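Comments concern the structure below.
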Amino acid sequence: MTTAKKLDRRQFLKITGVLSGTLAATSLAACAQPQPAATPVPPTTAPAAPAAPAATAVPAVSTGATVAKVDPITVLINDSPWFPGFEKLVRLYEEKSGNKVNLAVTPFTGMLEKTRNATTASESEYDIVNLNEGWYATFYAGKFMAPLQEIDPNFEVDPNIIDYNNAMRWSHDKNYSTKDGIVYGLPINGNIQLLYYRNDLLEKAGLKPPTTWDDVADISKKLMSAPNLYGFATRGQKAGFAVAYDWLPFLRGYNGDWVAKPGEDWAVTINNAAGRKAMSKWLELLKTYGPANVADLGQADLQQLMLSGKIVQALMVVANWSAMDDPEKSTVVDKVNVTVLPKPVEGRHATTTGIWVMGVPNNLPDKRKKAGLTFLNWALSKESQLEYTKFGAVPVRQDVYTSELAADPKYRWMRAMADSTQYIVESVRIPEGPQITDSIELRLNQAIAGQMSGDDALDNMAKEIFAVLQKAGYKTKLG
Amino acid sequence: MNAAFSRRTWPRPQSLREWLDQRFRYWALAPTLVVLLALTIYPLVQLLMMSVSTVSFAEGRVIWQFTGLDNFQTFLGDAIFPEAVRNTVLFVIVVVSVEMFLGLTLALIASQVKRFSGLLRAILMIPILVPAIAIGTVWRLLYNFEFGVFNQVLKALSLPPQNWNGSALLALPSIMVVDVWHWTAFIFLLMLAGIESLPIEPMEAARVDGASDWQLLRHVVLPLLRPTILVTLMFRTIFSFKVFDEVFLLTGGGPGNATEVISLYINRVFFGQSRMGYGALLSIITILLTAVFVILYNRSVRGRSSAA
């Protein structure tokens, strides 16, 4: 009996030893390895076992006619309103080139972590990553993306690709995106802000589309009939980069900025005279002509107001356009149009980049880097971008915006886009950007919610931005 | 430790095998210990190390730089975290009190219902089965200023519409309502299970002694249900302290900081602003706050038990 008991213990010890060892090894391996990719949609082929030879030549950006045979690639991309258009573009690429693309689709929340895990691993599991407006500075500055000219020494950015104020480039000397910076990424979604307006109402009243913020006020005054019809609104909600993003065109319109000259002079100027004028005009327009719940208005709410015919004018990104003429979603089919964002009477037009950029991780073997760049080159050609537009996405080429497609009433938003590209201004494009936009976001939300005066909000922003810049080692001062 | 297990009582081992056998109870703990080390202690140590560091992403790699009390200094000057703590504590006190009261009341009623009891329980459990994202979307629509049901009702009653999520006064109570709707079912389930497992004899004896319904509840049912109530209260308090999804989906912490809660703020610092070191420090402080609550709670419960 005793012997049997001892034997049981021995066996038990052996089994638990093996089990615990396996468990520990598995846990440690899980800690060391990057997170697995999101479920590919739909997986066209296994990412491993390259079936095709490596790229032998990367074609010129502009033609898109010849595509080299390359290894299968995996693209990390977030699910978004423009994803279906991108997916169709990918399938077209597969059809035209015979190359395979796996899409690792993931919700927006979690994208940043997956990108970080991939780019800091010994080798990225993704050949292309999708970076949003708030992140790419970090990935460029940190050298996590491969310089495209290192992948292909003959690579040149096609001049027809809109540069979104140097969104593709990063200068390590100036610690900013500059014209002479290294090309680390290429835009894939050209989201910028436009002014949406009810064309039918303006025409009926004999009014022209607004070109200044005062015009916006005049139109609102004439057409507003609250609570059934509001004059004008932007987002007011604190939601990462919502209210701040929508306020920046006001600030830039009055020739102001968050610092004196991003990339050169880091003196904080957000609360100077231009900032105060921008704040005052923005508050005046929203409090006089906006809905009572403007402090809680998010992207979906604002779009809903437009789609349900409850607002005359709204500042929204072009990505909101797709629903306007959809009878399933809209009560204002063919009644809405868009124009360049208005400017102050004595100021300039400005629209903020809210784009997505695709880059090739630096921690990839050359063969995989070339395969990634081959896809990007094809995707950004004029022919591909024309198809991309028809698939419902926002293209990134000026020659697509000025193409014959823009004459089609269905694509009437393209003319406003073509006219707006000259006014594009970047958001807060430094690695500390999210901290700075969080401060602007909070204070603007407090101002519009009536918790703080506009001037106090600006002064608080200035102090907080100064603290962030100072801590990060920028040569700054309170302007 | 039991004295019988102490080292002094062990006979001198004659062989390695015997020595191993004598210490079997400790070896048997090894798997648990390994799991605990790998999944709890190691991450906690990492978090502690991170809280005294600045983590940056540069030169193609992650760089940890020891910065001592730098993050703590930032904490002392942080005006938002105390607001988040205040909102969280207020949220916890209100929702846990209301949910405990409603959950217990519903469970007492459900335990008395004989007909359609299955249907009643199924209906009461629905909120707990709905995913958080659906709850956020549905309630955001219900609270919608223009089209929401609540404002439509107010309009029908000729009352002015309310800015449920956008007013500093109403935003936090609006989230509390959603939380109560969502989690009362959880309390209900635990309480019902507790009530149904109570022995019937003390209640029958009380009835024989002429106890009224209220006296039965006050002097028999509730004292017998005390362990269930205490465990439920502790779990629900800890869970509600970690509230995130409802706030994230309904208000994003706004307007201003009116609904900023600890989890949301840590998430913003950690992932939104990429301030890993400071985010880690805030996480440690939150763990400590929760630990203090659990210790105080256990002391209070033990104190009352010994007094009783």
For region A:368-418, which positions are surrounded by 19 or more Cβ atoms within 10 Å (Cβ to Cβ), within 15 Å of A:F86 (Cβ to Cβ), of a type in the set (A, V, I, L, M, F, W, C) and out of contact with any Ser or Thr (no Cβ under 8 Å at 6 or more places or on another chain)? A:F375, A:L376, A:A379, A:L380, A:A393, A:V394, A:V396
If I ask for residues that are within 13 Å of chain B (Cβ to nearest Cβ), open to solvent by less than 20 Å² (accessible area, probe 1.4 Å) and not small (G, A, S), which ones from region A:138-169 would you list? A:F139, A:Y140, A:F144, A:M145, A:P147
Residue match in region B:81-98 (condition: surrounded by 12 or more Cβ atoms within 10 Å (Cβ to Cβ) and in a loop (DSSP other than H, G, I, E, B)): no
Just one of B:T32, B:T54 is among the hydroxyl-bearing types (S, T, Y) and farther than 30 Å from A:N363 by Cβ; which is it? B:T32
Neighbours by Cβ (under 9 Å, 6+ apart or cross-chain): first from region B:75-86, without any contact (Cβ under 8 Å) to a residue 60 or more places away in the chain and on the phi > 0 side of the Ramachandran plot; second among the aromatic types (F, W, Y) and part of a helix (DSSP H, G or I): none
Quick one: A:T421 ticks every box in (1) open to solvent by 10 Å² or more (accessible area, probe 1.4 Å); (2) within 14 Å of chain B (Cβ to nearest Cβ) bar one, so which box is it? (2)
Do we have B:F271 as open to solvent by 60 Å² or more (accessible area, probe 1.4 Å) and more than 14 Å from chain A (Cβ to nearest Cβ) here? no
How many of the residues in region A:90-136 are within 14 Å of chain B (Cβ to nearest Cβ) and either part of a loop (DSSP other than H, G, I, E, B) or aliphatic (A, V, I, L, M) (or both)? 16
Looking at region B:51-63, which of its residues are within 14 Å of another protein chain (Cβ to nearest Cβ) and either surrounded by 17 or more Cβ atoms within 10 Å (Cβ to Cβ) or touching a residue at least 60 places away in the same chain (Cβ under 8 Å) (or both)? B:T54, B:V55, B:S56, B:F57
Test A:A267 against the stated conditions and say whether it is away from chain B (no Cβ under 12 Å), open to solvent by less than 10 Å² (accessible area, probe 1.4 Å), farther than 22 Å from A:Q422 by Cβ and not β-branched (V, I, T). yes
For the condition open to solvent by less than 90 Å² (accessible area, probe 1.4 Å), at the interface with chain A (Cβ under 8 Å from one of its Cβ atoms) and charged (D, E, K, R), what is the one hit in B:D21, B:D78? B:D21
I'm trying to understand the selection: among the residues of region A:242-262, which are within 14 Å of chain B (Cβ to nearest Cβ) and surrounded by fewer than 24 Cβ atoms within 10 Å (Cβ to Cβ)? A:A242
Members of region A:119-134 found to be surrounded by fewer than 24 Cβ atoms within 10 Å (Cβ to Cβ) and closer than 21 Å to A:P72 by Cα, listed by number: A:A121, A:S122, A:E123, A:E125
Determine whether region B:199-214 contains at least one residue that is of a type in the set (K, R) and surrounded by fewer than 15 Cβ atoms within 10 Å (Cβ to Cβ). yes
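The values are calculated or read from the model by the stated rules, or taken from the named source; none is laboratory data. Everything quoted here is computed from the prediction, not taken from an experiment. Positions of Cβ are backbone-derived with ideal geometry, glycine not excepted, and every protein chain shown enters the neighbour counts. These area figures cover heavy atoms from the full protein model, side chains too; ligands, DNA and RNA do not enter into them. Shrake-Rupley method; radii C 1.70, N 1.55, O 1.52, S 1.80 Å.
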